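Visitor: Input: one structure, supplied below.
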Amino acid sequence: MHTYLSRPLMWLTLLSLLLSGCAVTDVHRSDPVSRQASWALLPLANHSETPLAGHKAEASLMTLLQQRGIHSLRQAPRPDAMDLLSLPSDQDYQAALAWAQQQGVRYGVTGSVDEWQYKAGLDGEPAIGMSLRVVDVNSGEIVWSASGARTGWGFSTTSGVAQKLMADLVETLPLQ
């Protein structure tokens, strides 16, 4: 009888270990930041091999931040000329930061997309890796940061997996 009862427990433990291995997150805790302050979404650097992955992530991130109650949120303007193959530059970030300062924005949300792809193989699972950070626009100080990686199942999409990862990261943002 002892062996019979331990099998379901063993399978449940194995399943929970398998599912917990699909996501990893690291968060730098900070003092609470005001959701009532003015916010700007600054460019997300794309370090992945997928063109425009940073832009795709920004679209979802905007919605997730608004869902958390950040309603005074604007997106920094982009340079007019965009090359799909060009790497993100620090100049783009500095230009967006300068724009945010001119607009009187308090906090800027930025980060990077490090992985946005389907893994090779039969299953073709989506794999996403990214980091997010909130900066004090006036001082340049990073007041919160989080990074994570997540994979999905073969029937998942990269956008869906990315949105789940970003939701988990944004949920740790200490808003007041």
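Visitor: Quick one: would you say Leu42 is open to solvent by less than 70 Å² (accessible area, probe 1.4 Å), part of a helix (DSSP H, G or I) and modelled with pLDDT of 95 or more?
Guide: Working: open to solvent by less than 70 Å² (accessible area, probe 1.4 Å): yes; part of a helix (DSSP H, G or I): no; modelled with pLDDT of 95 or more: yes.
No; evaluated as a whole, the condition is false for this residue.
Visitor: A follow-up question, please. Look at Trp99 and say whether it is buried (at least 22 other Cβ atoms within 10 Å of the Cβ) and over 25 Å from Arg29 (Cα atoms). Write out each step before concluding.
Guide: Numbers: buried (at least 22 other Cβ atoms within 10 Å of the Cβ): no; over 25 Å from Arg29 (Cα atoms): yes.
So Trp99 fails the test.
Visitor: If you go through the stretch 108-143, how many residues are closer than 18 Å to Asp90 by Cα and in a strand (DSSP E or B)?
Guide: Let us first name the residues in the stretch 108-143 that are closer than 18 Å to Asp90 by Cα, namely 108-114, 130-142.
Retained after the next criterion (residues that are in a strand (DSSP E or B)): 108-114, 130-136, 142.
Selection size over the stretch 108-143: 15.
Visitor: Given the residues Gly111, Gly160, Gly69, Gly154, which is the only one that is at positive phi and out of contact with any helix residue (DSSP H, G or I) (no Cβ under 9 Å at 6 or more places or on another chain)? Give the derivation first.
Guide: Working: Gly111 fails: out of contact with any helix residue (DSSP H, G or I) (no Cβ under 9 Å at 6 or more places or on another chain); Gly160 fails: at positive phi; Gly154 fails: at positive phi.
After ruling out the rest, the residue left standing is Gly69.
Visitor: Continuing with the same structure: Which of (1) surrounded by 21 or more Cβ atoms within 10 Å (Cβ to Cβ); (2) within 29 Å of Ala23 (Cβ to Cβ) does Val105 not meet, given it meets every other one?
Guide: Going through (1) surrounded by 21 or more Cβ atoms within 10 Å (Cβ to Cβ); (2) within 29 Å of Ala23 (Cβ to Cβ) one by one, Val105 breaks only (2).
Visitor: Residue check: is Gly160 under 20 Å from Thr50 (Cα atoms) and not charged (D, E, K, R)?
Guide: Details: under 20 Å from Thr50 (Cα atoms): yes; not charged (D, E, K, R): yes.
Yes; evaluated as a whole, the condition is true for this residue.
Visitor: Go through (1) farther than 25 Å from Ser34 by Cβ; (2) in contact (Cβ under 8 Å) with a residue 12 or more places away in the chain; (3) in a helix (DSSP H, G or I) one by one and return the number of the condition Gln91 breaks.
Guide: Looking at each condition in turn, Gln91 falls short on (2).
Visitor: Quick one: which of Gly154, Gly140 is over 21 Å from Asp31 (Cβ atoms), surrounded by fewer than 22 Cβ atoms within 10 Å (Cβ to Cβ) and either free of Cβ contacts under 8 Å to residues at least 60 places away in the same chain or not hydrophobic (A, V, I, L, M, F, W, C) (or both)? Give the derivation first.
Guide: Working: Gly140 fails: over 21 Å from Asp31 (Cβ atoms).
Going through Gly154, Gly140 in turn, just one is over 21 Å from Asp31 (Cβ atoms), surrounded by fewer than 22 Cβ atoms within 10 Å (Cβ to Cβ) and either free of Cβ contacts under 8 Å to residues at least 60 places away in the same chain or not hydrophobic (A, V, I, L, M, F, W, C) (or both): Gly154.
Visitor: Looking at the stretch 115-132 only, could you name the residues that are crowded, with 17+ Cβ neighbours inside 10 Å and charged (D, E, K, R)?
Guide: Glu115, Glu125
Visitor: Moving on. When you go through (1) at pLDDT below 90; (2) part of a loop (DSSP other than H, G, I, E, B); (3) open to solvent by less than 70 Å² (accessible area, probe 1.4 Å) one by one for Ser6, which number turns out not to apply?
Guide: (2) is the only condition that Ser6 fails.
The values are calculated or read from the model by the stated rules, or taken from the named source; none is laboratory data. Predicted, not measured: the structure shown is a model, and the values here were computed from it. Backbone-built Cβ (ideal geometry, glycine too); neighbour counts: all protein chains shown. Areas reflect the complete protein model, heavy atoms only, side chains present, ligands, DNA and RNA absent. Shrake-Rupley method; radii C 1.70, N 1.55, O 1.52, S 1.80 Å.
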